[in-house]
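*Asks:* To start, I am sharing the structure in question, which I have written as structure tokens.
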Amino acid sequence: MNLQRLEGFYWVAKQQGYARAARAFPYPITQPGVHQQVRRLEDELGVKLFERVGKDKVVLTPRGQLLFDGFAPFYEQLAVLEAQVKGGQVGGTLKLCAAGHLLRHLMPEWLRRLQSRRPDITVALTELPHADLELLRRGDADLLVDWLPEIPADVEVREVARAEAWIVAPTHGPHAQKGRLSLATLAQVPFIGYQADRQLKALQLAALEAHGVRPREAFGADSSDTILGFVAAGLGFSLIPGLNAAGPKAPGVVAQRLERPQARFPIHAVWRRGRPHPLVEAALECAPTP
């Protein structure tokens with residue numbers, strides 16, 4: 001069906017007359033022009049859409065009513081849609097990916113602000129074991145939040161937090177004395193390293209080497225929260241990033257900031273290079289600052 005003819009049909013149905021429809025049109029048109037649009041639509045469909053009930057009044061036939069009920073909501077939303085597009089107020093679903101500890105410790109307050117300001121945006125969250133930029137490149141994600149060892153040329157970033165490296169170990173044992181950890185003694189404790197993210201694993205081992213510790217590796221895990229759970233269970237010690245100034249907290253775990261090297265990692269919001277998608281822009285407006 002021709003959209004221009006449907007437009008004429010809509011205004012005649014709304015105004016119940018051709019002269020009134022011509023006056024109501026959003027752009028100049030004559031009464032014969034409106035009549036021609038409706039006649040051509042009726043010819044196209046092979047049905048009568050209106051019946052005359054007075055000198056200057058028409059009403060919808062049953063089939064005309066069926067067409068009007070289906071088309072009117074679409075047409076009436078066009079003005080709203082135009083205003084939204086021009087004003088940048090685009091709702092929809094934002095596809096956001098982040099590491100597990102960021103979803104738990106960084107995203108909740110950020111998402112609360114976004115929900116308060118833009119209730120028309122739904123966020124689809126995906127937990128990632130490591131930063132996978134291919135998700136952005138393929139369009140499977142709109143925004144990724146994580147630490148990047150390097151920033152490629154085809155993405156843009158904004159720093160939203162900073163993480164520090166923390167040594168975490170079970171509270172009980174000779175390695176923990178009065179809330180302080182002895183790295184020399186920890187060398188005898190099984191080490192829990194990152195498994196999927198080789199870059200994070202390399203950073204862990206390099207930091208321990210700077211302290212003269214060659215760990216006895218025993219377990220691997222894909223997330224900081226899982227590692228923290230293993231430590232709390234007494235399975236070993238590890239190094240994990242923490243966003244809180246007091247360090248990671250869990251019952252049965254003692255945490256100590258890594259002093260040598262004093263490691264701080266920027267956490268970035270990452271999106272495809274170019275003007276951000278309106279949903280990404282809305283999320284960035286609510287993003288935290290380090």
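The values are calculated or read from the model by the stated rules, or taken from the named source; none is laboratory data. All values reported here derive from a predicted model rather than from experimental measurement. Neighbour counts run over all protein chains shown; Cβ positions are idealised from the backbone, glycine included.
*Asks:* Determine if the range 209-218 includes at least one residue that is modelled with pLDDT under 85, among the small types (Gly, Ala, Ser) and within 25 Å of the chain's Cα centre (by Cα).
*Replies:* Within the range 209-218, not a single residue is modelled with pLDDT under 85, among the small types (Gly, Ala, Ser) and within 25 Å of the chain's Cα centre (by Cα).
*Asks:* Now for a separate question. Taking the condition of being in contact (Cβ under 8 Å) with a residue 60 or more places away in the chain and in a loop (DSSP other than H, G, I, E, B), how many residues in the range 179-189 meet it?
*Replies:* Here is the first cut: in the range 179-189, the residues in contact (Cβ under 8 Å) with a residue 60 or more places away in the chain are 179-181.
Adding the requirement that they be in a loop (DSSP other than H, G, I, E, B) leaves 179.
Result for the range 179-189: 1.
*Asks:* Something else now. Do any helices (runs of 4 or more DSSP H) entirely within the range 190-290 hold 1 or more residues that are in the same structural domain as Glu150 (by TED's automatic domain parsing), and if so, which? Before you say what the answer is, go through the steps one by one.
*Replies:* Details: elements: 198-210, 224-232, 278-285.
Filter on the range 190-290 gives 278-285.
*Asks:* What's the number of the only condition in (1) surrounded by fewer than 21 Cβ atoms within 10 Å (Cβ to Cβ); (2) out of contact with any Asp or Glu (no Cβ under 6 Å at 6 or more places or on another chain); (3) in contact (Cβ under 8 Å) with a residue 40 or more places away in the chain that Arg264 fails to meet?
*Replies:* Here Arg264 clears every test but (2).
*Asks:* Another question, if that's okay. Quickly run through the range 251-271 and pick out the residues that are at pLDDT 85 or above and either under 28 Å from the mean Cα position of the chain (by Cα) or of a type in the set (Asp, Glu) (or both).
*Replies:* Within the range 251-271, the subset at pLDDT 85 or above is 251-255, 266-271.
Within the range 251-271, Pro266, Ile267, His268, Ala269, Val270, Trp271 qualify.
*Asks:* Restricting to the range 183-198, name every residue that is surrounded by fewer than 14 Cβ atoms within 10 Å (Cβ to Cβ) and either under 17 Å from Glu259 (Cβ atoms) or not basic (Lys, Arg) (or both).
*Replies:* Restricting attention to the range 183-198, the residues satisfying the condition of being surrounded by fewer than 14 Cβ atoms within 10 Å (Cβ to Cβ) are 184, 188, 196, 198.
Ala184, Gln188, Ala196 - these are the residues of the range 183-198 that are surrounded by fewer than 14 Cβ atoms within 10 Å (Cβ to Cβ) and either under 17 Å from Glu259 (Cβ atoms) or not basic (Lys, Arg) (or both).
*Asks:* Here are Leu102, Leu49, Leu67, Leu41: which of them is buried (at least 19 other Cβ atoms within 10 Å of the Cβ), closer than 30 Å to Gly229 by Cβ and either touching a Pro at 6+ places or on another chain (Cβ under 6 Å) or in contact (Cβ under 8 Å) with a residue 40 or more places away in the chain (or both)? I'd like the intermediate steps shown before the answer.
*Replies:* Numbers: Leu49 fails: closer than 30 Å to Gly229 by Cβ; Leu67 fails: closer than 30 Å to Gly229 by Cβ; Leu41 fails: closer than 30 Å to Gly229 by Cβ.
Exactly one of Leu102, Leu49, Leu67, Leu41 is buried (at least 19 other Cβ atoms within 10 Å of the Cβ), closer than 30 Å to Gly229 by Cβ and either touching a Pro at 6+ places or on another chain (Cβ under 6 Å) or in contact (Cβ under 8 Å) with a residue 40 or more places away in the chain (or both), namely Leu102.
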